[in-house]
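The next block holds one structure in the form of structure tokens; read it before the comments.
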Number of protein chains: 2
Amino acid sequence: MINTNCQILHNSSDRILMGHGGGGRLTRQLIEEVFYPAFGNPLLAQSHDGCVFDVEEGYKLAVTTDSFVVSPVFFPGGDIGHLAVNGSVNDLACCGARPLYLTAGFILEEGLPVDTLRKVVASMRRAAGMAGVRIIAGDTKVVERGRCDALYINTTGIGLVPPGVRIAPERAREGDVVICSGPIGAHGVAVMSERESLGFSTSLRSDTAPLNHLTACLLEGGLKAEVHVMRDPTRGGVATALNEIALAASVHIALEEDSLPIPEAVTAAADMLGLDPLYIANEGILLVILPGECAAEALGIMRGRPEGREAAVIGRVEAGRPSVRIRTPFGGSRVVDMPMGEQLPRIC
Amino acid sequence: MINTNCQILHNSSDRILMGHGGGGRLTRQLIEEVFYPAFGNPLLAQSHDGCVFDVEEGYKLAVTTDSFVVSPVFFPGGDIGHLAVNGSVNDLACCGARPLYLTAGFILEEGLPVDTLRKVVASMRRAAGMAGVRIIAGDTKVVERGRCDALYINTTGIGLVPPGVRIAPERAREGDVVICSGPIGAHGVAVMSERESLGFSTSLRSDTAPLNHLTACLLEGGLKAEVHVMRDPTRGGVATALNEIALAASVHIALEEDSLPIPEAVTAAADMLGLDPLYIANEGILLVILPGECAAEALGIMRGRPEGREAAVIGRVEAGRPSVRIRTPFGGSRVVDMPMGEQLPRIC
């Protein structure tokens, strides 16, 4: 009744079978042949129901969770695996935490080529290496064909917040500036260009990248107490991130249209798709809010790293009704509202 | 371009829209109307990218992750929400940890009735209350109709392991006994009975329950150093759990057929479905492996709690090739092998 024929084990490596999610030999084989070789580390090798580790004294723990359902799975500049690692790494970094560990929960569609899974897992390994985090626990479920779209990944990140760091959206206040670390809109446009139904191409690549080295430089470079807010503007883009901060801190945020780092290729694609670049998802840029008098120092630190090379002040925090507004070079202005939903679904 | 018409907000409460996963107003509305009221606590209310908290000195941290894709979502005795909480709580408990926090990642199918989500979330709240854990971070994604089966949930659990506790599958050793806390097979059969295609009914209800109070009683009741292994035999059932332990510890495990607590209703359903109860998933029973001389004390402690009332010794750990065998009352025996995949897919 339980098939233990070894032929099946050896022939099963080309497609995901329902049995790969069953917790038996096939699951074990997947773990041993795909996940352990990619993620292997002593904590993961505990091979228990969970993973146990020490915490440095005096540190607070930061935890974040995110599921990734991006479609298509591979796109210019990245893939779902890269996003799944960087997404949780960046959420931790934006809490002021040093990311340490990730868990990875896979939901696989029956029939998924195991090679696709291998590629995604290899990409997660590379991204984890770049960010300096380890994957310490995992889980795999398989659902029937048509009950998933290739694969979905949940990552939960755990990091340590050093003493004295207190980053929170409600800390934004009048007199602060808003710094953006790099060009806006590349990720969303790169993913859309891979959707066959849209029939357009672009030279843009996703900006997916870990931000924790950049945030660490800022916090360890003497601005630990000065950085009020850090945020990676993913789903919903810069507009949504800043609206959330304005609401949390009860402040007004004024952006200067001229200073927004929107690449021409993003503007062109956004025009064609009827989108506003400010609402397009990014996966590798950082918004930093801190007192105006610290702006020059922060820009100096950020521009010293490749991922912050193009850092610039894009706006200011002012007293006023919680809202976000863009000032045009001609003296006009327009409200940048919180979007209802998503311009581009399944972008991360 | 971004629709901010309030009518849409107010009329959107009956079905999940793609926009509910977009990180904008609809996502916010879902969080504020569905998730916060159910899970509200000061850590969750940090409303940041992640959640930051202190860790007691001297404790180790335990982390576990699990995705839940059970079909159907509601079944006799439980639902996906209950499973999602208890699954991670029990994995932590089986590491000897005191479960503290859960993260919750939802993947929702477009068109899912919001009422279904509310019911699941309410069930998670009740389960979290029973287990004494808090949900401290969450994430929601929405995928198009037909790219999910109603909803999938990932939970990642974080707990504290008290000093002196060291529970691990490789600690099973010759002379240990295997205790099972209660009846085997109810969960899997209860879920199957709800699958219309199978056309059978049963009086059985899922055994889904938190095990952390039971494990705490054992560890705090004087057996902290004696308990070698604890395991909740979910996917793959008792057979898979014991095979994994036999392999990790390089021991043989001998079960006594007579002592296996298999309810008649499970045997009847298993016969009809062509299944072996030992491979059927359980969600509320605990296997404990500890030295034979501690068995009476452990049974006394376990039987003092409702979820351990029927605790009994079901087998012994012996020297020998890593394997599991059942001895019949007539002197015969048969190997209980590791299953290839899953007898019953999507059972958790």
## Note on the structure
Comparing B:Asp14, B:Asp232, B:Asp207 in a Gaussian network model of chain B (Cα, 10 Å), the one with the largest mean-square fluctuation is B:Asp14
### Task
For chain B, with a Gaussian network of springs between Cα atoms less than 10 Å apart, report the residue from B:Asn243, B:Asn41, B:Asn86 with the top mean-square fluctuation.
B:Asn41
### Estimated vicinal HN-Hα couplings, Hz - the stretch B:20-27 in sequence order (Karplus 6.51, -1.76, 1.60; Gly, Pro = x)
5, x, x, x, x, 4, 5, 4
### Task
Return the whole-Å distance between the Cα centroid of the stretch A:148-175 and the Cα centroid of the stretch B:271-289.
40
#### Entry: Charge sum, other residues only, whose C-beta stays under 12 Å from B:Glu194's C-beta, Lys/Arg counted +1 and Asp/Glu -1
+1
### Task
Towards the positive end of the charge dipole of the stretch A:18-161, with charges on Cβ (+1 Lys, Arg; -1 Asp, Glu), say which of A:Ala93, A:Ile153, A:Leu30 has the farthest Cα.
A:Leu30
### Query
Rounded if a/c is under 1.5, else prolate if a/b beats b/c, else oblate: with a ≥ b ≥ c from the C-alpha gyration tensor eigenvalues square-rooted, which is the stretch B:15-95?
oblate
### Query
Treating the beta-carbon of each Lys and Arg as +1 and of each Asp and Glu as -1, no other charges, what is the dipole magnitude of the protein assembly as shown about its Cα centre, to the nearest 20 debye?
120
### Task
Using the 7 Å Cα-to-Cβ label point, sort the distances from A:Lys119 to its equivalents in the other copies shortest first and give them in nm to one decimal.
4.0
### Task
As a check on your grasp of the helix formula, calculate [θ] at 222 nm for chain B: sum -39500 (n - 2.57) over DSSP H runs of n ≥ 4, divide by the residue count, round to the nearest 500.
-8000 deg cm²/dmol
### Query
Can you list residues whose amide H is under 5 Å from B:Ile135's amide H, if they're 5+ apart or on another chain and H is modeled 1.01 Å from N?
B:Leu102
### Task
Enumerate the amide H contacts of A:Val70 below 5 Å, restricted to partners 5 or more residues apart or on another chain; note that Pro and chain-start residues carry no placed amide H.
A:Cys348
#### Entry: Distance from the stretch A:100-119 to the stretch B:315-338 (C-alpha centre basis), Å
35
### Message
Among the complete DSSP H segments of chain B, which ones combine at least 24 Å of alpha-carbon extent along their axis with a mean Kyte-Doolittle hydropathy of 0.0 or more?
### Response
B:114-131
### Query
Roughly what would the spin-label model give for B:Glu174 and B:Ser259, points 7 Å off Cα along C-beta, in nm?
1.9
## Note on the structure
Note: B:247-259 gets an average of partner chain Cβ contacts (10 Å, Cβ to Cβ) equal to 0
### Task
Return the single residue from A:Gly24, A:Gly96, A:Gly182 with maximal mean-square fluctuation; model: Gaussian network over chain A, springs between Cα atoms under 10 Å.
A:Gly24
### Query
When each copy gets a label point 7 Å from Cα toward the beta-carbon at B:Ala45, what are the spacings between them in nm, shortest first?
4.5
### Net +/- balance of residues flanking B:Gly77 in space, Cβ distance below 12 Å, scoring K and R +1, D and E -1
-3
### Task
Could you tell me which of rounded, prolate or oblate describes the stretch A:169-335, using a ≥ b ≥ c as the square roots of the eigenvalues of the alpha-carbon gyration tensor, with rounded for a/c under 1.5 and, failing that, prolate when a/b is larger than b/c and oblate otherwise?
oblate
### Cα shape, the stretch B:33-191, gyration tensor, a/c 1.5 rule
oblate
#### Entry: Förster radius 45 Å - calculated FRET efficiency between B:Asp115 and A:Glu56, Cβ distance, rounded to 0.05
0.50
### Task
Can you check what the net charge comes to around A:Leu211, using other residues whose Cβ is under 9 Å from the Cβ of A:Leu211 (Lys, Arg +1; Asp, Glu -1)?
-2
## Note on the structure
Semi-axes in Å, largest first, for the protein assembly as shown (Cα gyration tensor, √(5λ)) are 47, 26, 22
### Summary
Once normalised by the length of chain A, the mean sequence separation of its alpha carbon contacts under 8 Å that are 6 or more apart gives a contact order in percent of 22
## Note on the structure
Phi angles of the stretch A:279-288, converted by Karplus (6.51 cos²θ - 1.76 cosθ + 1.60, θ = phi - 60°) into ³J(HN,Hα) in whole Hz with x for Gly and Pro, give 9, 7, 5, 10, 10, x, 10, 10, 9, 10
### Query
Between copies, how far does the label point of B:Gly292 sit from its twins, in nm, shortest first, when each point is 7 Å from Cα along Cα→Cβ?
8.1
### Task
Starting from the amide H of A:Ser333, placed 1.01 Å from N in the peptide plane, find each other amide H under 5 Å away whose residue is 5 or more places distant or on another chain.
A:Thr328
### Query
Can you give the accessible area per residue of the stretch A:230-348, in Å², using a 1.4 Å probe?
38
#### Entry: Using a Förster distance of 25 Å, the FRET efficiency for B:Met272-B:Arg205 (Cβ separation, nearest 0.05)
0.90
### Query
Over all pairs of distinct alpha carbons, what does the Kirkwood formula give as the hydrodynamic radius of the stretch B:249-292, in Å?
12.7
### Message
Let me spell out the model: positive unit charges on the Cβ of Lys and Arg, negative unit charges on the Cβ of Asp and Glu, origin at the Cα centre of the stretch A:169-335. What dipole size does that give, in debye rounded to 20?
### Response
200
#### Entry: Calculated from backbone phi, Karplus (6.51, -1.76, 1.60) coupling profile of the stretch A:164-173 in Hz, x at Gly/Pro
x, 8, 9, 9, 7, x, 6, 7, 4, 8
### Query
Hey, got the dipole for the stretch B:18-161? About the Cα centre, +1 on K and R Cβ, -1 on D and E Cβ, debye to the nearest 20?
200
### Message
Give me the summed buried accessible area for the A-B pair, 1.4 Å probe, to the nearest 100 Å².
### Response
6900
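The values are calculated or read from the model by the stated rules, or taken from the named source; none is laboratory data. All values derive from a computational prediction rather than experimental measurement. Because the Cβ atoms are built from the backbone with ideal geometry, glycine has one as well, and the counts that use them run over all protein chains shown. Keep in mind that these areas ignore ligands, DNA and RNA; they rest on the heavy atoms of the full protein, side chains included. Shrake-Rupley method; radii C 1.70, N 1.55, O 1.52, S 1.80 Å.
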